[in-house]
Every structure is written in C-alpha cells, then in structure tokens.
Amino acid sequence: MARAFPIASIYPALTLVLGVLILTEIVSLSIVGGLVLVIVGVVLISRISSGVVIDPHHQTPAGGVSFALGAAAFWAISILMLAPGIEGHSAVVVSSIRVPALSLALWAIVAVRGSWRPLLTLSRREWAVLLVGGLIGWGLGSILFVVTVSLLGPTQAAILTSTSPMFALPLSALVLRERINAHVWVGTALTVCGIILVT
C-alpha cells in the first residue's frame with residue numbers, strides 16, 4: 001500500500017488539469033503551490049516506516065502501478081462528472097444515488113463471479129466492523145465529499161481529500177502502535193502548509 005498510494009495521490013493533479021481543460025476552472029498560483037506541497041507531503045507520509053526492512057532489489061509490480069494510475073484517473077473523471085451534476089441538489093440526495101449505485105455494481109460482480117461464499121464465514125464482529133466502516137467511509141465520507149465539491153469545486157476538493165494519510169497514520173500510531181518517523185512529521189507539515197495555501 002505504501003508504494004501504490006503515492007502514485008494514486010496524483011489524482012488531484014489530474015483533476016486540476018482536466019478541470020482547467022474541460023470545466024474551464026480558474027486556478028490560482030496558490031492552489032498550484034498548495035497542490036505541490038500536498039502531494040509531496042502525502043508521498044512522505046505514505047513512505048514505509050523505518051521499522052520495516054526494505055529489499056533494495058524489490059520491484060514494484062507493473063500491474064500494481066497500472067491499477068493505481070487507473071484509480072487516479074477514474075477518481076479525477078468521477079469528481080469532474082460530479083461537480084456539474086450536483087448544482088442545486090442536497091448532498092444527502094446525491095450520495096443516496098452514488099453509494100447504492102456502487103453497491104449494486106459490486107454485488108453484481110460478486111454474483112457473476114460466484115465469490116459470495118466467503119461471506120458466510122465472516123464472524124459477527126467482522127460483519128460489524130465492515131458495516132460500521134462502510135457507514136463511516138462510504139456514508140458520512142461520501143456526503144462530506146459531495147458537500148466539499150459543491151462548495152469548493154472539483155480541484156480544491158480533490159486536493160483536500162487527498163490528504164487522508166495525514167489523518168490515517170497518526171490514528172495507526174495510536175491504535176495499532178505503528179512508529180511515526182521523521183518522514184511523517186515533515187510530510188504532515190508540508191501537507192498542512194499546502195492546505196493553508198489551497199484554502
């Protein structure tokens with residue numbers, strides 16, 4: 001994940017470029033500068049912690065890189081499609097369409113592939129974790145994301161929502177006892193500076 005995430009974090013840059021070309025967004029130098037700081041900060045935060053031994057000869061799988069770049073491209077396209085479609089509509093209403101559409105598509109894939117059987121082996125605790133996590137991430141997260149796009153536009157929303165590692169890794173340190181190294185502190189500082197410039 002630490003190798004793939006910085007690649008996927010280029011989605012705000014793609015959103016900026018596509019937003020200028022397609023939606024004729026007006027982008028200031030402070031937004032571009034903030035974008036650069038946020039991307040550099042996210043890359044630093046996402047680096048593998050110093051407690052992990054890294055094989056210098058390890059090659060990142062080409063498929064993994066392709067999937068990460070594909071995710072970045074789809075996120076950028078999605079946010080650009082979302083921006084003009086939510087004008088005058090409630091974030092809850094918009095999310096009530098987006099989230100079930102995704103769920104139905106995923107259930108269709110599970111049904112076609114016949115990969116539903118492992119669901120029967122999940123414990124009650126695992127079901128609870130998955131359901132609560134889904135409600136928090138895809139529920140509240142989706143609503144807040146739609147509100148952000150409607151208030152700030154796709155480019156600023158993409159930049160700000162790409163800062164999730166700044167929140168995830170400190171939580172990992174508290175909950176999972178992961179070590180926070182100098183990269184995380186420097187990356188967090190750069191990301192905060194980028195957020196200030198963007199907003």
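Condition check ((1) part of a helix (DSSP H, G or I); (2) under 16 Å from the mean Cα position of the chain (by Cα); (3) buried (at least 16 other Cβ atoms within 10 Å of the Cβ); (4) at pLDDT 90 or above) across all residues:
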| site | (1), (2), (3), (4) |
| --- | --- |
| W138 | yes, yes, yes, no |
| L144 | yes, yes, no, yes |
| T148 | yes, yes, yes, yes |
| F167 | yes, yes, no, no |
| P170 | yes, no, no, no |
| A173 | yes, no, no, no |
Unique residue being modelled with pLDDT under 85, in a helix (DSSP H, G or I) and over 20 Å from the mean Cα position of the chain (by Cα) when the list is P84, P56: P84
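Per-residue answers, yes or no, for (1) farther than 30 Å from G33 by Cα; (2) β-branched (V, I, T); (3) in contact (Cβ under 8 Å) with a residue 12 or more places away in the chain:
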position: A108; (1), (2), (3): yes, no, no
position: L135; (1), (2), (3): yes, no, no
position: V146; (1), (2), (3): no, yes, yes
position: F167; (1), (2), (3): no, no, no
position: S172; (1), (2), (3): no, no, no
position: T191; (1), (2), (3): no, yes, yes
position: I195; (1), (2), (3): no, yes, yes
Please work out which residue is surrounded by the most Cβ atoms within 10 Å (Cβ to Cβ), limiting yourself to the range 175-189 and to residues that are without any contact (Cβ under 8 Å) to a residue 60 or more places away in the chain and part of a helix (DSSP H, G or I). W185
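Within the range 32-53, can you find the residues that are of a type in the set (A, V, I, L, M), closer than 13 Å to H183 by Cα and modelled with pLDDT under 65? Spell out the reasoning first.
Keep residues of the range 32-53 that are of a type in the set (A, V, I, L, M), which gives 32, 35-40, 42-45, 48, 52-53.
Filter once more, so that each one left must be closer than 13 Å to H183 by Cα: 40, 42-45, 48.
The answer is I48, and nothing else.
The values are calculated or read from the model by the stated rules, or taken from the named source; none is laboratory data. Please read all numbers here as calculations on a predicted model, not as lab measurements. Cβ atoms come from the backbone with ideal geometry, glycine included; neighbour counts cover every protein chain shown.
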